[in-house]
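Working notes, beginning with the structure itself.
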Amino acid sequence: MNSGKFWNNQNIPQFDHNETQKVLISTFYKFGQRLGQKCFRQYILIRQYLLYSDVGNFKHIKGSVKLDGVYASFQISNSENQIYLKNNGFQIVLCTEDTNQYQLWAKLLSNCCILTTFNEDMILGKLIGNGSFSTGRNKEGHIFAIKAIPKTKSKLSTINKQYEEQLLSEISSLRELDHVNILKLHRVYETAEKLYLVTEFIHGYELISKAASKPIFQGSELKCFIHQMLLAIKDMHQHNIMHRDIKPQNIMLKNGQLSQPCLIDFGLAVSTKKKGFPFPSCGSPGYSAPEIIRFDETKKEYGGQCDIFSFGVTLVVMLYGYNPFKAQDQKQTIKRNAEAYFEFPSNIYPQELEHLILQMTKKYPKDRITAEQALSHPFFQIKLNQTIQLPKAILSKQQYEMNKNFNNINVHASLEMDREFGLNYAIQLCSCSPQDNKNRTCTLSSNPNKLQQIDEFQLDCVEDSIDSNHIDKLKMSQRHFCKQKSQINSQF
C-alpha cells in the first residue's frame, strides 16, 4: 500500500531547543512494496509528532505527521514486534526485533494516537455527575475517569463539522499539556459507537460546592491556589492554547485542598495559532471575556487573555460568593459582562489582591495583565492573614447586597434555582433613598411540581436564603422536607 499520503512532506514543523531535549529517536524497518526487502528508516517522536529520515541523517526530515488523528495498534508475531499506524486511509507498519524498543514506543504512541481496543483494555465502572463521565479501571487496576462521546452525536449534528473540529481540538490541547494543575489525558479510544477520553480520576470536588464550603482555609492556601492556577494558565498559553471556559465549575480541588486546584473540561479549548477556530462565540455568561461576547459584532480574533479575564471573575465569585455581572435574566447578564465594570463590595481583602483582580478583568485584552506578569504581582509578596470559607452557591450582586442586610429580608432564591427548580421570585423595592435599602423585601412563590426535585445541595441553598428570624418557622431539614412541602407552599 502506498504510504505517500500518510506523511506530510511539506511544512515540516520546527521545534525549539527545549522541545528537542525531549525527543525519542529509533530505527525501525518496513518491507518494501515491490521487492519485499527490509527497508530501514529512522523515526523521531517529539511532542505529538512523528517524523522520519534516512538512517543517520535525522537532521534531514523527509516527512512528518501529527498523531492526534492517527490510529495505532500493536502486534507481536514470530519474535517480530509490529506497530501499525493508519492515517488518511493509508497504513505503515514499523517493525523491530528489539522488545524493549517496541514496548517503549508502544507506550508512548498509545499516549499520542487513537486506540481501538477499549473493550480489551478498560472496564467501565459507575457513572459520575450527569452521566457523560464514568469511572474505569485498566488491566493493572488503576482508576480513571472516562468521558464517553456517542459518535452519532458528532456525526449527525447540524454543526457536525465544527463539533468534530472542536472535539479534535480538545484532544489535541489536553495531549499538548502536562501540568500538575491541568487535567491529564491518558488515552483516546474509538469504537464503532463511541469515542472515549480516558483521563486522570480526581479525588476531590468542585471549587464552589457544598463539600468545598465546609473547611476553613488559611490565607496562605488562597495565595497558593491563585499562584497554582496562574501557573496552569501560563503553561497553557506557552503551548499556544486557550481554555475559553474557566469558571468555578471547571476547577476541581484535589483531595479537597485549596492549594491543589486542577483545571478541567477542555471542551472549548483551541490553539491560539489557529485561524477561524470553531465556536468563536462561546463560554459561560458572567465569566466570558468581553472580546468573546462581542465577537459576532466585531469579528476580531482573540487570544489567551480571555482566560485571564475569566479567572479574575472566578476569584471574585469564590471570595465574595456572587458573580458581579449576574442579573435577573441572561440578556442583562451578558450586557453587564460585556461592559466589564464592577466594584468590590467591601474592603475584606488586601488592596494588593483587589488590584490583581482588577488588572485581570480589564475590558480590553491589551490592557489586561498576563499570567506571567500576574505571577510577579505584589500580592504574592504580602502576608495574607485572613481565613476564607468558600461559598456553596453563587448569587447575583443584588442577592449578595440583600444578604448583607439580612435582618429585614425574608427569603431570596438564586437564579440557578429559579431556572432549574421552578422557584420564582419578585423583588419589591420601596420608594426610598439608597441609604434606606434595608427595607427591601423579597417574596418567593414555589412550583409544587418542582419541589420534589430539590436534593440535599439545593435544600441547603434554600436554607441559606432564609432570614434567621424565620428559620424556626421554616425548618426544612432533609428528613422531614417532604412532609413539610405542602406547609411551605401554603406559607408562600
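The values are calculated or read from the model by the stated rules, or taken from the named source; none is laboratory data. Keep in mind that this is a model prediction, so the values were computed, not measured. Glycine also receives a Cβ, built like all others from the backbone with ideal geometry; neighbour counts cover every protein chain displayed.
Things worth noting here:
- Of the residues examined, Gln218 is not one that is surrounded by fewer than 19 Cβ atoms within 10 Å (Cβ to Cβ) and within 12 Å of the chain's Cα centre (by Cα).
- Test: Asn138 is in contact with a Lys or Arg (Cβ under 8 Å, 6 or more places away or on another chain), closer than 28 Å to Val23 by Cβ and exposed (fewer than 15 other Cβ atoms within 10 Å of the Cβ): no
- Qualifying residue in the range 30-37 (condition: of a type in the set (D, E, K, R), surrounded by 12 or more Cβ atoms within 10 Å (Cβ to Cβ) and under 19 Å from Asn100 (Cα atoms)): yes
- Of all residues in the range 272-290, those that are more than 23 Å from Thr314 (Cβ to Cβ) have Cβ atoms under 6 Å from Cβ atoms of residues that are of a type in the set (S, T, N, Q), 6 or more apart or on another chain, in Lys273/Asn240; Pro278/Gln162; Pro278/Gln166.
- Only listed residue being part of a strand (DSSP E or B) and modelled with pLDDT of 95 or more, chosen from Lys126, Lys86: Lys86
A quick yes/no check of all residues on (1) surrounded by fewer than 24 Cβ atoms within 10 Å (Cβ to Cβ); (2) in contact (Cβ under 8 Å) with a residue 24 or more places away in the chain; (3) part of a loop (DSSP other than H, G, I, E, B):
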site: Asp296; (1), (2), (3): yes, no, no
site: Tyr302; (1), (2), (3): yes, yes, yes
site: Asp307; (1), (2), (3): no, yes, no
site: Ser310; (1), (2), (3): no, yes, no
site: Met318; (1), (2), (3): yes, yes, no
site: Phe325; (1), (2), (3): no, yes, yes
site: Gln332; (1), (2), (3): yes, no, no
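- Out of Ile226, Ile246, one residue alone is in the same structural domain as Gln359 (by TED's automatic domain parsing) and part of a helix (DSSP H, G or I). It is Ile226.
Residue-by-condition table, conditions (1) of a type in the set (D, E, K, R); (2) surrounded by fewer than 22 Cβ atoms within 10 Å (Cβ to Cβ):
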position: Glu200; (1), (2): yes, yes
position: Gly204; (1), (2): no, yes
position: Ser209; (1), (2): no, yes
position: Leu222; (1), (2): no, no
position: Phe225; (1), (2): no, no
position: Asn255; (1), (2): no, yes
position: Pro261; (1), (2): no, no
position: Ile264; (1), (2): no, yes
